[in-house]
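Have a look at the structure below before the remarks.
The values are calculated or read from the model by the stated rules, or taken from the named source; none is laboratory data. Small disclaimer: the values here were computed from a predicted structure and weren't measured. With ideal geometry, Cβ positions are generated from the backbone for all residues, glycine too; neighbour counts draw on all protein chains shown. What goes into the accessible areas is simple: the full protein's heavy atoms, side chains included, and nothing from ligands, DNA or RNA. Shrake-Rupley method; radii C 1.70, N 1.55, O 1.52, S 1.80 Å.
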Amino acid sequence: MSALHIKKGSTSHSAYNLRPNFSDVQERHTIAVLVENEPGVLARVIGLFSGRGYNIESLTVAEVDHTGHLSRITIVTTGTPQVIEQIKAQLGRIIPVHEVHDLTVEGPAVERELAILKVVGDGDKRVEALRLADIFRANVVDSTLGSFIFEITGAPDKIDAFAELMRPLGLAEIARTGVAALLRGE
Amino acid sequence: MTREMTGAKMVVQALKDQGVDTVFGYPGGAVLPIYDEIFLQNDIRHILVRHEQGAVHAAEGYARSTGKPGVVLVTSGPGATNAVTGLTDALLDSIPLVVLTGQVPTFMIGSDAFQEADTVGITRPCTKHNWLVKETDALAATIHEAFHVATAGRPGPVLIDIPKDVQFATGEYNGPKSNSSHYHPRVKGDLEEITELVAAIETAERPVFYTGGGVINSGAAASQLLRELVDATGIPITSTLMGLGCYPASGKNWLGMLGMHGLYEANMAMHDCDLMINIGARFDDRITGRIDAFSPNSVKAHIDIDPSSINKVIRVDIPIVGDVGHVLEDILKVWKSRGRKVNREALAKWQAQIADWRKVNCLAYTNSEKTIKPQYALQRLEELTKGHDRYVTTEVGQHQMWAAQFLGFEDPNRWMTSGGLGTMGYGFPASIGVQMAHPDALVINVAGEASWLMNMQEMGTAAQYRLPVKQFILNNERLGMVRQWQELLHGERYSHSWSESLPDFVKLAEAFGAKGILCSDPADLDDAIIEMIEYDGPVIFDCLVEKHENCFPMIPSGKAHNEMLLGEAETQGVIDSKGSVLV
């Protein structure tokens, strides 16, 4: 007999996990974090998410300002509005974090992801894969008589759609970068 | 001021430049160069503890009783891992600490060298920030930044891991520079929000101040401003365990502590208020009880320097991010400029209601002439020590709650207890740290025998430095709080909650060259306490108390503030299955 009925998706770190006041609707947010490019900073961000039970859908990181020693981490996460607020506040507490931007709130933002997909097959399937790649503006970056590697850039759902179409055509492997995002306009 | 020196010398120089007078530590291979430098100077006292956990808790006691950061120096590997409990304790209670750890030389990091541990990795989640310094040239700036980070904003522990070759190598030393850091948390609150809060204060019918450790952390001025505001408005005030002393226990608006073992009048006021003003507290689960029944009809304001505290547990209506002292100053300014208004008529009714709740006399207990009741022991301790320049530390458990209920604190920084983490073994080393900072004060650690045994090795430290710390042990030969929960929740099956094979505490004291006092008769208690106070040296006071006393009032797990238990008669079947999984 389980004594406690914690609501699915509840992410409280308090023992009193009985919070009815907040909206239960799960939202997807893209958060950009500018951090000092120092050892361990990514571990701090990831440790925050795992330690407090937040979700990471995708995470990308690279140095963006060599002279200023700044890296940009782009995180796609899901949670209730209250959890999203907590995530931003908790990120803001990390000492080497300079800025936290919720691109979903501050947006509209451009979100792009790059994926490379290996499709193995021959005959009609091979022709069909190439035709669909053309429609999706995917490039062929490697080719053998029995395989292609396609490179595709776009919003994550476009890549999802392309991968779905490639599956019956011999999708063997896929590698995705995760989302990079910038606010539109000035 | 730039000078060439070794990394080890830099450490000592930087500590001096930061105004450090006391370091708690334990030497080992990876910090020998720093210990060598400590040997060669006389400005910084080093207190040799008997276990690294003791060093961190001692530094916490020092920090909480002075408002200055505590400093710890330990070696690599086990030295660092032994410090982890103290770091976590300090993180949860927002205590500023600077912990220096030795590390194997940089060229051996990652090779599983002797006494190597991934110290920055292990301590990342239990420090406010930490650093591994790989170049001697960066060492001085890192130490200065560490002091800034530990004390600015919401205080907390920081750690600097210093490989041994960095300590030996020479580099450039620079003194502290202001403004070299990008970390400058906001201290001034938003005036619009502050005005909104003042307007709410002016009209509220049933307001209450709910104050916490943030008031203490903000400094003595914050407590002064709080007292001014409370006394000018006549609004009742309660405090969390961490906030005791921010408002005097003798003050006329004082409700006593709130929360799981808080006073009836405090919890009822929280439940029934129409305006809750949270100042430097964090809606901890010991405070709120059942969230969906927490103060259902109040407008809630929350003043906190840490934005992540706001709306974390309880959604608030008036969030004010800023330092308590600064915000209180502005609240007072705005309130005065708008004509010092409060809803006098309603407030009088509210105070009358509170007076009614007080009549319940929730701390009442059945005294005995045969055995010492723990509550009685603390009442006598309070009576016989309250005129003294007194500091109190505690361990964790029933005795801690009774101490919070029965001892009165008139000033901030006089009460040191492990609130957030609930660390058994905290109080004794903390009392050592407090006594180091206040050599002439009366420092008492109110303890349970089980907690006290967890860091009893620090008797050696107390004896070595002739620290007259008084270990007031309420000995019930039980893990009292565990026993209480087993009684209420687990069918009185007292699994491993008794203290078997206890030492003879009087002989133990004597073995360390200290004084031991045994007291088991209520009639002897006063004389025994006076003997303890008057003895110039460390004392272990073994106070044999009633073994099966429960701590009341109590809000059972999963219940609301207005469902609290006042005594034994009400305890049968009160915690349902949902409540029993909560801690």
Compute the distance in nm between two label points, each set 7 Å from the Cα along the Cα-to-Cβ direction, one at residue A:141 and one at residue B:32. 5.3 nm
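Per the 1.4 Å probe, what fraction of the accessible area of chain B, in percent, lies on carbon and sulfur atoms?
Working: 10650 of 21420 Å².
Percent of accessible area from carbon and sulfur atoms in chain B: 50.
Roughly speaking, what % of Cα-Cα pairs in the stretch B:4-52 are separated by over 18 Å, rounded to a whole number? Each step should come with its number before you reach the end.
Working: 289 of 1176 pairs.
For the stretch B:4-52, the share of Cα pairs beyond 18 Å comes to 25 percent.
Enter the mean number of other protein chain beta carbons within 10 Å of the beta carbon of each residue in A:91-103, as an integer. Display every interim value, and only then the final one.
On the way: counts 1, 4, 10, 2, 14, 3, 2, 2, 0, 0, 0, 0, 0.
Partner Cβ neighbours, averaged per residue: 3.
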Cα centroid separation - the stretch B:359-418 against the stretch B:131-177, whole Å: 41 Å
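For the stretch B:348-444, what is the per residue volume of the convex hull drawn over the alpha-carbon atoms, in cubic angstrom? Working shown, then result.
Numbers: hull volume 13.9 nm³, N = 97.
Taking the convex hull of the Cα positions in the stretch B:348-444, it is 143 Å³ per residue.
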What whole-number value in Å² describes the accessible area per residue of the stretch B:141-218 for a 1.4 Å probe? 39 Å²
Between the Cα axis of helix A:41-51 and the main Cα principal axis of chain A, the angle (0 to 90°, nearest 10) is 70 degrees
Please work out the ratio of the alpha-carbon Rg of the stretch B:124-281 to 2.2 N^0.38 Å and round it to two decimals. 1.41
In deg cm²/dmol, rounded to the nearest 500, the helical mean residue ellipticity at 222 nm of chain A, built from -39500 (n - 2.57) for every DSSP H run of length 4 or more, is -8000 deg cm²/dmol
What the Cα atoms of the stretch A:76-143 span along the principal axes, largest first and in whole Å, is 56, 23, 19
Given N residues in chain A, what is Rg(Cα) / (2.2 N^0.38 Å)? 1.26
When N counts the residues of the stretch B:227-312, how does its alpha-carbon radius of gyration compare numerically with 2.2 N^0.38 Å, as a ratio? 1.03
Which whole-Hz couplings ³J(HN,Hα) result when phi for each residue of the stretch B:16-21 is put into the Karplus expression 6.51 cos²θ - 1.76 cosθ + 1.60, θ = phi - 60°, listed in order with x for Gly and Pro? 4, 5, 8, x, 6, 10
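Which whole-number percent is the relative contact order of chain A (Cα, under 8 Å, 6+ apart)?
Details: 320 pairs, mean separation 43.9, N = 186.
Over chain A, the number comes to 24 percent.
Please report the net charge: other residues with Cβ closer than 14 Å to the Cβ of residue B:480, K and R +1, D and E -1.
Values: positive: B:373, B:478, B:483, B:547; negative: B:395, B:449, B:477, B:487, B:546, B:549.
Within the 14 Å Cβ shell, the charges total -2.
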Tell me, how many Å apart are the Cα centres for the stretch B:233-253 and for the stretch B:30-58? 38 Å
Alpha-carbon centroids, the stretch B:487-563 and the stretch B:429-482: separation in whole Å: 12 Å
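What is the Cα convex hull volume of chain B when expressed per residue in Å³?
Details: hull volume 89.0 nm³, N = 583.
Normalising the Cα hull of chain B by residue number yields 153 Å³.
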Computed ³J(HN,Hα) along the stretch A:173-183: with the Karplus parameters 6.51/-1.76/1.60, θ = phi - 60°, integer Hz and x for glycine or proline, the list is 8, 9, 10, 10, 8, x, 7, 10, 8, 9, 5
How much accessible area is lost when chains A and B come together, counting both sides, with a 1.4 Å probe, in Å² rounded to the nearest 100? 2500 Å²
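The stretch B:455-551: D in µm²/s via Stokes-Einstein (Kirkwood Rh, Cα pairs, 4 °C, 1.567 mPa s)? All intermediate terms of the calculation are to be shown ahead of the outcome.
On the way: Rh = 14.7 Å.
Diffusion coefficient, whole number: 88 µm²/s.
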Residue B:278's amide H: which non-local residues (gap 5+, or another chain) put their own amide H closer than 5 Å, with H modeled 1.01 Å from N in plane and none for Pro or chain starts? B:210, B:301, B:302, B:303
In deg cm²/dmol and to the nearest 500, what is the mean residue ellipticity at 222 nm of chain B if only DSSP H runs of at least 4 residues count, each as -39500 (n - 2.57), divided by the residue total? -11000 deg cm²/dmol
How big is D, in µm² s⁻¹, for the protein assembly as shown by Stokes-Einstein at 37 °C and 0.692 mPa s if Rh is the Kirkwood radius over C-alpha pairs? 115 µm²/s
Using a Gaussian network model on chain A with a 10 Å cutoff between Cα atoms, which of A:33, A:64, A:76 fluctuates the most? A:64
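Averaged over peptide B:298-307, how many Cβ atoms belonging to another chain are found within 10 Å of each residue's Cβ?
On the way: counts 0, 0, 0, 0, 0, 0, 0, 0, 4, 7.
Per residue, the average neighbour count from other chains is 1.
Averaging sequence separations of C-alpha pairs under 8 Å and six or more residues apart, then dividing by the length of the stretch B:334-438, give the relative contact order as a whole percent.
Values: 68 pairs, mean separation 24.1, N = 105.
RCO, the stretch B:334-438: 23 percent.
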Could you give the nm distance between label points at residue B:361 and residue B:494, where each point is 7 Å from its Cα heading toward the beta carbon? 2.9 nm
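Within the set B:16/B:164; B:177/B:333; B:128/B:470; B:188/B:559; B:128/B:312, which residue pairs have Cα atoms separated by over 30 Å? Numbers along the way, then the final one.
Numbers: B:16/B:164 21 Å; B:177/B:333 33 Å; B:128/B:470 32 Å; B:188/B:559 36 Å; B:128/B:312 18 Å.
Exceeds cut-off: B:177/B:333; B:128/B:470; B:188/B:559.
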Heavy-atom accessible area, 1.4 Å probe, ligands and nucleic acids excluded: residues of the stretch B:311-356 down by at least 10 Å² from chain alone: B:311, B:312, B:313, B:315
Diffusion constant of the stretch B:272-367 at 20 °C, which comes from Stokes-Einstein with the Kirkwood Cα-pair radius and 1.002 mPa s, µm²/s: 136 µm²/s
Angle between chain A longest axis and helix A:81-93 axis [Cα atoms, degrees, rounded to 10]: 80 degrees
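Let me know the mean shielding of B:180-190 by other chains, meaning the per-residue number of their Cβ atoms within 10 Å of its Cβ.
Details: counts 0, 1, 5, 4, 0, 2, 0, 0, 0, 0, 0.
Partner-chain Cβ atoms within 10 Å, mean over residues of B:180-190: 1.
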Taking R0 as 30 Å, what's the FRET efficiency between residue A:70 and residue B:188 from their Cβ-Cβ distance, rounded to 0.05? 0.65
May I ask you to give the solvent-accessible area per residue for the stretch B:348-478, in square angstrom, as obtained with a 1.4 angstrom probe? 34 Å²
Bounding extents of the stretch B:22-104 in its principal axis frame from Cα atoms, largest first in Å, are 33, 28, 18
Taking the C-alpha atoms of the stretch B:394-450, how large are the radius of gyration and the largest Cα-Cα span, Dmax, in Å? 11.0, 30
Per residue, how big is the convex hull around the C-alpha atoms of the stretch A:96-135? Give it to me in cubic angstrom, could you? 108 Å³
